[in-house]
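**Q** Submitted below is the structure of interest, expressed as structure tokens.
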Number of protein chains: 2
Amino acid sequence: MTEPDPTADPDSPEGRGGAAAAIPAAPRGAGRAGLDRRRILGAAIEFIDEHGLDALTMRRLGAHLGVEAMALYRYVPGREQLLDGVVEAVIDELYGDPDVHLSASRGWQDYLQRLAHGVRRIALAHPEVFPLVATRPPAAPWVRPPLRSLRWVESFLDALIDSGFTQEAAVSAYRAYSSFLLGHLLLEVSQKGVKIGTEDHPDGGPDAAQSTDLGGYPTVVRLAPLLSLDESAAEFEEALENLLGRLEVVLRESRTPRRGDPRS
Amino acid sequence: MTEPDPTADPDSPEGRGGAAAAIPAAPRGAGRAGLDRRRILGAAIEFIDEHGLDALTMRRLGAHLGVEAMALYRYVPGREQLLDGVVEAVIDELYGDPDVHLSASRGWQDYLQRLAHGVRRIALAHPEVFPLVATRPPAAPWVRPPLRSLRWVESFLDALIDSGFTQEAAVSAYRAYSSFLLGHLLLEVSQKGVKIGTEDHPDGGPDAAQSTDLGGYPTVVRLAPLLSLDESAAEFEEALENLLGRLEVVLRESRTPRRGDPRS
DNA sequence: CCCACGCATTTACACCGTAAACAAGTCACG
DNA sequence: CGTGACTTGTTTACGGTGTAAATGCGTGGG
């Protein structure tokens, strides 16, 4: 069952072997014994995925781990840093993804493509966590969401520069790529979250007037089926492809710095 | 003074007449008398802009208005809804922007361009508020950040459809446009917030090792000047232009619906 | 005059993050 | 074995938060 449906989203948590979904937080056999920073972060991610970000509380997370809230403070300085640790841990799942490489051994396009899908996989696996990635202030001024860790930025820049990009081009590519990834995934995740998140409308009135009155917006109403259609995967692919194409142009232009001779 | 510098960012709060910067919350002359939902929302925006989102508390906002916290509850159901009201109010500043039109009277490209810059102006004017726009769950499943209000979505779709886009093309353009705007502005705002936000490093050691050890990231270190360069305005313009170009292609193709004849 | 009503305050409560004191292992070493 | 230091988790306590409920308090109409 769940045989590989060709129309399925390749980055959705169900449509894949499960990489980048589970965090190997508690490799020990037993569950209860031995607190640990990794275990705490893993539990926090699990908790957020399950109950939402607002529900995460030191006390509740403690309870979830079978421990008192204050116990967490021995491994985490405070709640803010715990959240920082959460986004770091989530991003670190990239290292465990066999489809994402740190070096552009098969060309920069392959590198960027794999990286993008890896990040998307993470975003879809942790839709409640991902907004954190976008919101939390970055460590260094230029390391920005969603490629938070310096290691990935380094890898990104190296990959492009090794592939022939100038330094300027690599940096501008980093910016374009980051903003594309962040925007697209944030939007996609927010839509996902709503589609399943809030299904509580217990006031089942007779004809149930929708939340807001759609009265004055005929076009929106008419296009509602199209608007609520979920073609995220295809759109992502297309936008990504477009970005890569754009970068290719940049690269080609940057390779012939002065000579007006593309030689066709 | 502050004469129009050609290199200045046209969307920055200082580089402009001031539209979309001040919210006309309290048109009444006096300050203290008469609470009011608009006044509360305006004060909340002002407060967030000034002290950051985390600092916003019912009690503090009350104090800021010269009133007790519970007084706010007569005009706002609760804190969550207050924040919803804040993003709504911020987005509503678009209506007061003379450079942004609700209809594409001068062509859809002009419309999209003006809208994008209008939203950018708002984002830059309220960098602390804008992440809220991205994070808050949308009212309807398909009305998503950053074009939260149905009225703008309606206007957007109408503008494109009136300009010859098919319904499908208009919807997909809406998605591409939204995600572009959101991603770019979120990144830009987050970078802005850091650049000025955290200037507190009172531990002025002798050689002051930067926050994290930049040891293992030579490329990042080498490109730091480039990475911290702020060319947001130009990048925004370029990415926007590219998006418009892409949409133009979509439009052209969508105008020849079936004939398998691109001719050449 | 008075009283009802709209508006702001006061009070109260459960919950939050976290500082500080405390207890309960665990382990090295004499 | 005793004993002290160290690790780990708990208890207690405090100030702050969102908000329900009761309380005051002008101010205008009968």
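The values are calculated or read from the model by the stated rules, or taken from the named source; none is laboratory data. Since the structure is predicted, the reported quantities are computational estimates derived from the model, not experimental observations. Neighbour counts are summed over all protein chains in view; Cβ atoms, including those assigned to glycine, are modelled from backbone coordinates with ideal geometry.
**Q** Scan the range B:53-69 for residues that are away from DNA strand C (no atom under 12 Å from the Cβ), part of a loop (DSSP other than H, G, I, E, B) and loosely packed, with under 14 Cβ neighbours inside 10 Å and jot them down.
**A** Hit for the range B:53-69 is B:Ala55, nothing else.
**Q** Moving on. Within the group B:Arg136, B:Arg120, B:Arg144, which residue is surrounded by fewer than 20 Cβ atoms within 10 Å (Cβ to Cβ) and of a type in the set (Lys, Arg)?
**A** Criteria check complete, one pass: B:Arg136.
**Q** What are the residues in the range B:68-110 that are hydrophobic (A, V, I, L, M, F, W, C), more than 14 Å from chain A (Cβ to nearest Cβ) and more than 12 Å from DNA strand D (Cβ to nearest atom), if any?
**A** B:Val86, B:Ala89, B:Val90, B:Ile91, B:Leu94, B:Val100, B:Trp108
**Q** Within the bounds of the range B:171-190, is there any residue that is modelled with pLDDT under 90 and within 10 Å of chain A (Cβ to nearest Cβ)?
**A** The answer is yes, given that some residue of the range B:171-190 is modelled with pLDDT under 90 and within 10 Å of chain A (Cβ to nearest Cβ).
**Q** Of the residues in the range A:43-67, how many are more than 11 Å from DNA strand D (Cβ to nearest atom), on the phi < 0 side of the Ramachandran plot and among the small types (Gly, Ala, Ser)?
**A** Residues in the range A:43-67 being more than 11 Å from DNA strand D (Cβ to nearest atom), on the phi < 0 side of the Ramachandran plot and among the small types (Gly, Ala, Ser): 3 in total.
**Q** Can you tell me which residues in the range A:70-80 are of a type outside the set (Phe, Trp, Tyr) and closer than 14 Å to A:Arg37 by Cα?
**A** A:Met70, A:Ala71, A:Leu72, A:Arg74, A:Val76, A:Pro77, A:Gly78, A:Arg79
**Q** Further, regarding this structure: For residues that are in a loop (DSSP other than H, G, I, E, B) and hydrophobic (A, V, I, L, M, F, W, C), scanning just the range A:143-164, find the one that is farthest from the other protein chains (Cβ to nearest Cβ).
**A** Looking only at the range A:143-164, we keep the residues that are in a loop (DSSP other than H, G, I, E, B), and these are A:143-149, A:163-164.
With hydrophobic (A, V, I, L, M, F, W, C) added as a condition, the list becomes A:143, A:147.
Details: A:Val143: 8, A:Leu147: 11 Å.
Checking each candidate, the answer is A:Leu147.
**Q** For the range B:100-135, enumerate the residues that are without any contact (Cβ under 8 Å) to a residue 24 or more places away in the chain and either closer than 21 Å to B:Val171 by Cα or in a loop (DSSP other than H, G, I, E, B) (or both).
**A** Selection gives B:Val100, B:His101, B:Ser105, B:Arg106, B:Asp110, B:Arg114.
**Q** Could you please find all residues in the range B:94-109 being more than 26 Å from B:Pro127 (Cβ to Cβ) and either of a type outside the set (S, T, N, Q) or surrounded by 12 or more Cβ atoms within 10 Å (Cβ to Cβ) (or both)?
**A** Matches in the range B:94-109: B:Ala104, B:Arg106, B:Gly107, B:Trp108, B:Gln109.
**Q** Which residue, of B:His126, B:His117, is closer than 23 Å to B:Glu241 by Cβ and either more than 9 Å from chain A (Cβ to nearest Cβ) or at pLDDT 95 or above (or both)?
**A** Being closer than 23 Å to B:Glu241 by Cβ and either more than 9 Å from chain A (Cβ to nearest Cβ) or at pLDDT 95 or above (or both) holds for just one of B:His126, B:His117, which is B:His117.
**Q** Inside the range A:94-111, can you point out the residues that are over 19 Å from the mean Cα position of the chain (by Cα) and either within 9 Å of DNA strand C (Cβ to nearest atom) or among the small types (Gly, Ala, Ser) (or both)?
**A** Across the range A:94-111, the qualifying residues are A:Ser103, A:Ala104, A:Ser105, A:Gly107.
**Q** Can you find, within the range B:206-264, the residue that is modelled with the highest pLDDT among those that are among the hydroxyl-bearing types (Ser, Thr, Tyr) and surrounded by fewer than 15 Cβ atoms within 10 Å (Cβ to Cβ)?
**A** Ranking the qualifying residues of the range B:206-264, first place goes to B:Ser228.
**Q** Evaluate the range A:76-93: report whether one residue or more is buried (at least 19 other Cβ atoms within 10 Å of the Cβ), near DNA strand C (Cβ under 9 Å from one of its atoms) and not assigned by TED's automatic domain parsing to the domain that holds A:Val133.
**A** yes
Every residue, every condition in (1) within 17 Å of B:Leu186 (Cα to Cα); (2) at pLDDT 95 or above, yes or no:
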site: B:Gln81; (1), (2): no, yes
site: B:Gly85; (1), (2): no, yes
site: B:Val90; (1), (2): yes, yes
site: B:Ala104; (1), (2): no, no
site: B:Trp108; (1), (2): no, yes
site: B:Ile122; (1), (2): yes, yes
site: B:Trp142; (1), (2): no, no
site: B:Leu150; (1), (2): no, no
